[in-house]
Amino acid sequence: MRVIGTAGHVDHGKSTLIQALTGIDPDRLREEKERGMTIDLGFAWLQLPSGQEVSMVDVPGHERFIKNMLAGVGGVDIALLVVAADEGVMPQTREHLAILDLLAVDAGAVAITKADLVDEEWLELVKAEVEECLVGTTLRGAPIIAVSSVTGAGLPALCGELDRLLATERHRRQTGWPRLPVDRVFTMPGFGTVVTGTLIDGEIRVGQEVEIVPQGRRARIRGLQAHRKRVDVMSAGGRAAVNLSGLSTDEIGRGDVVTAPGWLRPTRAVDVRLHVVRDAPRPLAHNARATFHTGAAEAMGRVSLLDHQELGAGETGWAQIRLDRAVAAVRGDAFVLRLPSPSVTIGGGVVIDEHAGRHRRFQERVFTRLDVLERGSPAEVLLQSLQGKEPAELEALAKRAARTVAEARSLVQTLVQHNVALVLDDPGSGARGRSSDDGRSEPSAGTAIPLTSRSLLISAAGWDRLVSSVRSDVAAYHGEHRLRRGMPREELRRRLGQDPRVYASVEREMLRRRELAEEGPFVRLVDFRVVLSPEENQRAEAVQRTLADAGVSPPSRTDLRALHRVSDELLQALVERGDLVEIGQELLYSRETY
């Protein structure tokens with residue numbers, strides 16, 4: 001199922017055109033009918049000549065309700081730009097067109113309404129004005145059809161053009177996870193809470209448990225409707241009314257996202273590729289306040305320009321937007337920025353990293369990473385996601401990268417084959433590739449390492465950093481306690497800040513690669529040995545003589561320390577070397593006596 005969204009200036013006849021095409025009045029609010037002006041989103045559906053049924057979203061044209069318009073156009077496949085013949089291109093015509101351009105809506109048609117009110121010569125002038133307005137936008141070259149909602153003139157031709165446009169299959173970016181940005185919430189007697197929106201990703205079905213993001217509340221889908229018909233399953237691309245059980249209307253609102261539990265994390269900071277509109281009233285300055293719109297959500301935030309001091313009209317750059325409240329966003333989502341005063345659309349673009357960390361400005365390494373996230377292959381993008389927080393389980397990485405587990409598994413195999421990532425020992429699989437001379441994993445060509453959803457993954461660079469950190473911590477411990485045979489593994493785990501399962505996998509892999517050695521509950525560097533100084537050797541020999549002379553009645557450990565001025569660590573080193581035998585906490589015997 002596909003979605004057509006209207007756009008255009010106030011009172012140019014968008015709602016009247018939809019009613020003429022569908023027989024459905026999209027203005028549902030009493031105030032809208034009284035004022036004769038669309039205030040909020042309206043919805044209808046249309047059967048085209050081919051028999052295809054499509055959803056239609058009617059948006060308000062008045063500048064005061066642009067935020068409502070933005071909530072409705074995020075999931076449209078085709079734009080229907082409406083221009084009144086008696087007025088021509090107006091301010092909101094241009095702003096709506098700029099918004100469609102920023103959202104990369106690249107298919108659409110223009111309906112010149114109220115054609116019955118003007119003569120042919122004037123109509124041709126309006127068409128020329130519209131053509132000029134479309135130049136340089138994603139809708140350049142779009143068909144322009146003159147229509148009259150009163151006489152019906154041009155409506156069949158418009159339907160034919162929409163049918164033709166929808167016949168071209170357009171790629172819809174898929175994560176495999178369902179996402180329905182909510183644009184309307186209401187209560188139906190006998191049913192409870194109902195939300196509507198365009199399912200932009202994945203699939204939902206009756207009985208499914210869902211999560212509401214960013215709140216994190218859970219609910220269950222009690223029923224689904226498409227165009228007032230009950231359905232059991234909805235796929236990406238269609239509009240749906242979703243009846244939710246276990247949730248009241250004050251626990252969900254416009255801008256929230258209905259999705260599968262556990263994968264979509266809310267964010268308050270996004271890295272973006274930002275483009276300033278060509279007719280911007282002024283440059284966008286670093287640290288400017290603006291309203292961020294994505295999907296059906298909006299949030300105030302501050303725009304940090306990473307590679308410019310300001311962005312002028314038509315310019316593009318990297319930016320980080322830090323939001324006042326959390327929203328749900330995924331890499332690749334389009335967004336629009338509006339200035340609060342005067343209220344105007346200043347720019348927009350694409351989310352590149354939906355969970356951005358703080359950056360220093362004008363840093364080349366930051367730009368390199370963002371460029372990979374923007375233009376890299378799926379495997380390169382997954383590697384960047386992995387490097388953001390590693391080691392990571394396969395399922396967690398898939399969710400972080402907005403991929404299905406199956407997709408992530410295939411991409412990880414590619415990364416492993418190219419030696420830029422590796423799989424830490426999975427207790428459930430025992431899968432392991434061969435090792436190179438430097439100890440790095442090198443799976444045989446064409447050999448796939450079995451991966452489970454819990455397999456632990458790490459990038460090659462991350463592994464090198466982790467090994468360096470382990471070696472540094474263990475070496476520091478050897479330096480502080482040179483007479484101890486090794487570092488307690490639990491102390492090493494705490495220093496690394498890893499949970500027990502991750503630490504166990506890391507240690508197991510480092511032991512396998514001969515980068516660590518173990519002795520009971522201790523680990524040490526492979527080349528580390530306890531070496532006594534000449535003075536310590538003399539005192540050790542004195543201790544051994546004393547214990548040999550004492551036979552079965554040796555002095556206590558405390559007495560030995562006082563008698564020979566030796567440390568507990570030296571005594572313990574002699575025990576671990578096998579020269580002494582320890583009984584309890586206080587008694588030591590010479591090896592010969594015991």
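A few notes on this one:
- Looking across 522, 528, one residue alone is in contact with a His (Cβ under 7 Å, 6 or more places away or on another chain), within 30 Å of residue 391 (Cβ to Cβ) and free of Cβ contacts under 8 Å to residues at least 60 places away in the same chain. It is 528.
- Evaluation of residue 387 against (1) free of Cβ contacts under 8 Å to residues at least 60 places away in the same chain; (2) not assigned by TED's automatic domain parsing to the domain that holds residue 284 (one fails), failing number: (1)
- Residues (within 24 Å of residue 576 (Cα to Cα) and loosely packed, with under 14 Cβ neighbours inside 10 Å) located in the stretch 493-517: 514
- Some residue of the stretch 288-302 being out of contact with any strand residue (DSSP E or B) (no Cβ under 8 Å at 6 or more places or on another chain) and more than 13 Å from residue 270 (Cα to Cα): no
- Checklist (1) under 14 Å from the mean Cα position of the chain (by Cα); (2) surrounded by fewer than 18 Cβ atoms within 10 Å (Cβ to Cβ); (3) within 18 Å of residue 361 (Cα to Cα); (4) of a type in the set (D, E, K, R) applied to residue 265, failing item: (3)
- Qualifying residue in the stretch 177-184 (condition: part of a strand (DSSP E or B) and more than 30 Å from residue 139 (Cβ to Cβ)): no
- A single entry from 104, 128, 142, 157 fulfils the requirement of being assigned to a loop (DSSP other than H, G, I, E, B) and surrounded by fewer than 19 Cβ atoms within 10 Å (Cβ to Cβ): 104.
- Residue in the stretch 344-356 that is under 27 Å from residue 499 (Cβ atoms), in a strand (DSSP E or B) and acidic (Asp, Glu) present: yes
- Residue in the stretch 571-582 that is of a type in the set (S, T, N, Q), out of contact with any Gly (no Cβ under 6 Å at 6 or more places or on another chain) and in a helix (DSSP H, G or I) present: yes
- Of the listed requirements (1) more than 23 Å from the chain's Cα centre (by Cα); (2) without any contact (Cβ under 8 Å) to a residue 60 or more places away in the chain; (3) surrounded by 19 or more Cβ atoms within 10 Å (Cβ to Cβ), residue 277 misses just one: (2).
- Only one of the listed residues (272, 277, 213) is among the β-branched types (Val, Ile, Thr) and outside the structural domain of residue 337 (by TED's automatic domain parsing). That residue is 213.
- Condition check for residue 405: aliphatic (A, V, I, L, M), under 24 Å from residue 354 (Cβ atoms), within 23 Å of the chain's Cα centre (by Cα) and at pLDDT 95 or above: no
- Qualifying residue in the stretch 326-338 (condition: more than 17 Å from the chain's Cα centre (by Cα), at pLDDT 95 or above, of a type in the set (A, V, I, L, M, F, W, C) and surrounded by fewer than 19 Cβ atoms within 10 Å (Cβ to Cβ)): no
- All of (1) more than 16 Å from the chain's Cα centre (by Cα); (2) surrounded by 14 or more Cβ atoms within 10 Å (Cβ to Cβ); (3) of a type in the set (Ser, Thr, Tyr) hold for residue 343 with one exception: (2).
- Of the helices (runs of 4 or more DSSP H) entirely within the stretch 453-522, those holding at least 3 residues that are modelled with pLDDT under 90 occupy 500-512.
- Looking at the stretch 13-89, the strands (runs of 3 or more DSSP E) lying wholly inside it that each contain 2 or more residues that are modelled with pLDDT of 90 or more, out of contact with any Cys (no Cβ under 7 Å at 6 or more places or on another chain) and not polar (S, T, N, Q) sit at 53-58, 78-84.
- Residue in the stretch 331-339 that is assigned to a loop (DSSP other than H, G, I, E, B), touching a residue at least 40 places away in the same chain (Cβ under 8 Å) and out of contact with any Gly (no Cβ under 7 Å at 6 or more places or on another chain) present: yes
- Among the numbered conditions (1) surrounded by 14 or more Cβ atoms within 10 Å (Cβ to Cβ); (2) in contact (Cβ under 8 Å) with a residue 12 or more places away in the chain, the only one that residue 151 does not meet is (1).
The values are calculated or read from the model by the stated rules, or taken from the named source; none is laboratory data. Keep in mind that this is a model prediction, so the values were computed, not measured. Glycine gets a Cβ as well: all are built from the backbone with ideal geometry, and neighbour counts include every protein chain shown.
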